[in-house]
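Quick notes on the structure that follows.
The values are calculated or read from the model by the stated rules, or taken from the named source; none is laboratory data. Predicted, not measured: the structure shown is a model, and the values here were computed from it. So basically every Cβ, Gly included, is an ideal-geometry build from the backbone, and we count neighbours across all protein chains shown. What goes into the accessible areas is simple: the full protein's heavy atoms, side chains included, and nothing from ligands, DNA or RNA. Shrake-Rupley method; radii C 1.70, N 1.55, O 1.52, S 1.80 Å.
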Amino acid sequence: MQPERLPSRIILVRHGRSTFNDQGRYQGSSDKAILTLKGIETARQVGDYLKHTPIDDVYISHLVRVKQTAEEIFKTMGHKPPSVTVSGSLREIDLSVWEGLSYEHVRRQYPDAYTCWRQYPDKFKLPTAQGTYHFPVNDLYQRAQAFWTRLPQIPGKTVLIVGHGGTNHALISTALGLSAKDHHSLQQSNCGISVLEFLDHEVQLTQLNQTTAIQETLPKLKAGKQGLQLLLLAEDSLTPGICDQLAQRLAEVKLDFCLSGITGQQWLPSLLQQHPRLVQFVNEQEDFLQDWKRAWTGSLYATDVLKTGVAIAPTTHIQTLLIESLGGHPDSATQIVLKPGHLSVIHYPKNHRPIVQAINI
């Protein structure tokens, strides 16, 4: 009998909250921002979370805010991993003339470029110091793809990457075969934890933007408190015990509605015991998530308030919705691994494409 082949595991962590984050300014590849006290605290919480995880190699960006994050993680872990490589390839996206400017200033002064950045990132361009133009997102994705070709994939080994929101996003996307045009389709919170597994040229995303390690039940919204936030639960992985645990986790979350099929309906009483006045929608169609998405999301995008709901559906239907929201093809849905009793979250903001906030939290 052949021994079981173990995947190589990549843990990605975004740096902690920085001074530029607090000030609402674009950081890009500039190196003027440092961690705030909150950023230091959450980096230590990540270190505590990873304390018992064997890590073989570490790769970090050379920018100060990432180096500080890595140092705080190592301190709390109680040891420094055997190999730490500082890589310029992991630097954040190069935003040239936008770096240091406030988000609001850019929206006002560069409305066309800002719209392109948000809606057509693969066509987004900025001037360079040499008087030419470059395409920041395309450049970032090419750099991410090159990083993967150089990183050794050793079965059974675990690698920690401490990087940036844009860089980690590009690493996850290129690993899954997603293109630069789908940038902004997933969230990377400060000190959010994501996990990829590589085995025999196949890649699976087993966790995205886990923020429970830093005491956030759900990742904070980045695109404004508008539209719809949908919490996804696989009905075929639920048990009475899991439902009780989830009910406690969701007790403090303001829920407005619940979607389910006939099968998933059986779990509603125990799962929603803390929300007795919740509006419930039961759909008899087998793939009701797709039906619901086509029928309702257009109107929900337009709302100026945030509505949060739970959807209980079969695993395969949730995988399909997640991969489509990321910009992938339904045939690639198995690249998303769903764990029993874990939540995945999609935000449908006003006037923006869906954002997958988290998977398996």
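In the condition set (1) within 17 Å of residue 194 (Cβ to Cβ); (2) small (Gly, Ala, Ser); (3) open to solvent by less than 30 Å² (accessible area, probe 1.4 Å), residue 180 is compliant with all but (1).
Number of residues in segment 99-127 that are touching a Pro at 6+ places or on another chain (Cβ under 9 Å) and touching a residue at least 24 places away in the same chain (Cβ under 8 Å) equals 2.
Identification of strands (runs of 3 or more DSSP E) wholly contained in segment 193-287 with 1 or more residues that are of a type in the set (Phe, Trp, Tyr) and open to solvent by 10 Å² or more (accessible area, probe 1.4 Å) yields 193-199, 257-261, 279-283. Checking each residue in segment 310-341 for being touching a residue at least 24 places away in the same chain (Cβ under 8 Å), closer than 25 Å to residue 226 by Cβ and either acidic (Asp, Glu) or outside any helix (DSSP H, G or I) (or both) picks out 310, 311, 312, 313, 327.
The residue that is surrounded by the fewest Cβ atoms within 10 Å (Cβ to Cβ), among those in segment 37-58 that are among the hydrophobic types (A, V, I, L, M, F, W, C) and not in a loop (DSSP other than H, G, I, E, B), is 37. The number of residues in segment 76-106 that are in contact with a His (Cβ under 8 Å, 6 or more places away or on another chain) and surrounded by 14 or more Cβ atoms within 10 Å (Cβ to Cβ) comes to 8. Among residues of segment 9-25 that are modelled with pLDDT of 95 or more, those with a Cβ under 6 angstrom from a residue that is in a strand (DSSP E or B) and not β-branched (Val, Ile, Thr), sequence gap 6+ or separate chain, pair up as 9/197; 10/196; 11/160; 12/194; 16/35; 18/35; 24/102; 25/102.
Please indicate, with yes or no, whether at least one residue in segment 342-360 is at pLDDT below 95 and more than 27 Å from residue 224 (Cα to Cα). No: zero hits.
No other residue among 119, 109, 130, 153 is within 20 Å of the chain's Cα centre (by Cα) and open to solvent by 20 Å² or more (accessible area, probe 1.4 Å) apart from 119.
Report, by residue number, each residue of segment 14-24 that is surrounded by 18 or more Cβ atoms within 10 Å (Cβ to Cβ) and not in a loop (DSSP other than H, G, I, E, B). Selection gives 14, 18, 20, 21. Tell me, which residue of segment 59-97 that is outside any helix (DSSP H, G or I) and acidic (Asp, Glu) is nearest to residue 19 (Cα to Cα)? Here the residue is 92. Criterion applied to 34, 11 was being open to solvent by less than 40 Å² (accessible area, probe 1.4 Å), touching a Ser or Thr at 6+ places or on another chain (Cβ under 7 Å) and aliphatic (A, V, I, L, M), and the one residue passing it is 11.
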